[in-house]
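Student: Just dropping this structure here.
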Amino acid sequence: MDAAAWDARYTGSDLVWGAAPNQFVAAELGELPPGRIIDLACGEGRNAVWLATRGWRATGVDFSTAAVLRADRLAADAGVTDRVTFALGDVVDGPLPTGPFDAVVVAYLQLPAPRRRTALRRAAGLLAAGGTMLVVAHDSDNITHGVGGPQDPAVLYAPNDVTNDLADRPDLVVEKAEQVHRPVPGPDGERTAVDVLVRVRRAIS
Ligand SMILES: C[S@@+](CC[C@H](N)C(=O)[O-])C[C@H]1O[C@@H](n2cnc3c(N)ncnc32)[C@H](O)[C@@H]1O
């Protein structure tokens, strides 16, 4: 989907992804000491805003104007406009904010492999020594037995796709690379989405 398609997705009255943080972002980053964090493809800002409420200085980037406007509003509603800024930008092709960051989040950025690889390598390039990068995504297994995300196999991936994308960085230590399950409420009861969760830490040389 291009930026215009995402803008169209964000025109309804409700937040598409809700105001609460993604459960894996909260679990994996919630206990880290706050520092500078960047959320790439931040959408409506749920993760960056939540992290700002936890003391982080957060930056979010998304190429959808509608998403960034919504993220600004979410930050205002949460009273954290002094701790979080949102910028319009393409995380594959465009300029990115200046690092380093103590943490980098990439959540549900579903792109064909070459663009995903570029985005993830750029994301890793923003990490400070000792910093943590968290990637959460819709897993390829959702095609056969899950409910999460797009049904296009070309933009779904697996934990080892992420670690392979980052394999040229020997300074990155893979702390977690696994499939995780996320309950999704539906009209006929709860179903399960299969997600990718990869957490890496940049070694302190
Ligand atoms: C499924 S949403 C996830 C939003 C957010 N990370 C979250 O978890 O709530 C994917 C987001 O990626 C953004 N996106 C897709 N491709 C992008 C690109 N090349 N540069 C910046 N943002 C992009 C879309 O605009 C959309 O907001």
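Student: Of all residues being within 12 Å of the ligand (Cβ to nearest atom), modelled with pLDDT under 95 and not small (Gly, Ala, Ser) in region 7-45, which is nearest to residue 129 (Cα to Cα)? Just the residue, please.
Tutor: Here the answer is 17.
Student: When you look at residue 105, is it of a type outside the set (Phe, Trp, Tyr), in contact with a strand residue (DSSP E or B) (Cβ under 6 Å, 6 or more places away or on another chain) and in a loop (DSSP other than H, G, I, E, B), yes or no?
Tutor: In short, no.
Student: For region 19-30, give me the residue count where each residue is assigned to a loop (DSSP other than H, G, I, E, B) and either over 14 Å from the mean Cα position of the chain (by Cα) or closer than 14 Å to residue 180 by Cα (or both).
Tutor: The total comes to 3.
Student: Just the residues that are assigned to a strand (DSSP E or B) and more than 9 Å from the ligand (Cβ to nearest atom), please, taken from region 65-92.
Tutor: 84, 85, 86, 87
Student: When you check residue 48 against the structure, is it near the ligand (Cβ under 10 Å from one of its atoms), under 20 Å from residue 125 (Cβ atoms), part of a helix (DSSP H, G or I) and modelled with pLDDT of 95 or more, yes or no?
Tutor: yes
Student: While we're on this one: Can you tell me which residue within region 52-64, out of those that are within 19 Å of residue 137 (Cα to Cα) and either surrounded by fewer than 24 Cβ atoms within 10 Å (Cβ to Cβ) or not acidic (Asp, Glu) (or both), is farthest from the ligand (Cβ to nearest atom)?
Tutor: If we take residues in region 52-64 being within 19 Å of residue 137 (Cα to Cα) and either surrounded by fewer than 24 Cβ atoms within 10 Å (Cβ to Cβ) or not acidic (Asp, Glu) (or both), then 60 is farthest from the ligand (Cβ to nearest atom).
Student: Something else now. Please count how many residues of region 147-205 are touching a Leu at 6+ places or on another chain (Cβ under 8 Å) and modelled with pLDDT under 95.
Tutor: The number of residues fulfilling the criteria is 2.
Student: Among the listed residues 130, 94, 99, identify the single one that is modelled with pLDDT under 95 and surrounded by fewer than 19 Cβ atoms within 10 Å (Cβ to Cβ).
Tutor: Residue meeting the stated conditions: 99.
Student: Turning to a different aspect of this structure: When you go through (1) in a strand (DSSP E or B); (2) under 19 Å from the mean Cα position of the chain (by Cα); (3) not hydroxyl-bearing (Ser, Thr, Tyr) one by one for residue 150, which number turns out not to apply?
Tutor: Just one mismatch for residue 150, condition (1).
Student: Next question, about the same structure. Pairs please, first residue from region 79-104 and among the acidic types (Asp, Glu), second anywhere and modelled with pLDDT of 95 or more, Cβ atoms under 6 Å, 6+ apart in sequence or on different chains.
Tutor: Hits for this filter: 90/63; 102/35; 102/36; 102/128; 102/131.
Student: Let me ask you something else. Taking into account only those residues within region 146-179 that are without any contact (Cβ under 8 Å) to a residue 24 or more places away in the chain and in contact with a Ser or Thr (Cβ under 8 Å, 6 or more places away or on another chain), which is farthest from residue 190 (Cα to Cα)?
Tutor: Per the stated criteria, the residue is 177.
The values are calculated or read from the model by the stated rules, or taken from the named source; none is laboratory data. Values in this document were obtained by computation on a predicted structure and should not be read as measured data. No Cβ is skipped: glycine too gets one built from the backbone with ideal geometry, and neighbour counts run over all protein chains shown.
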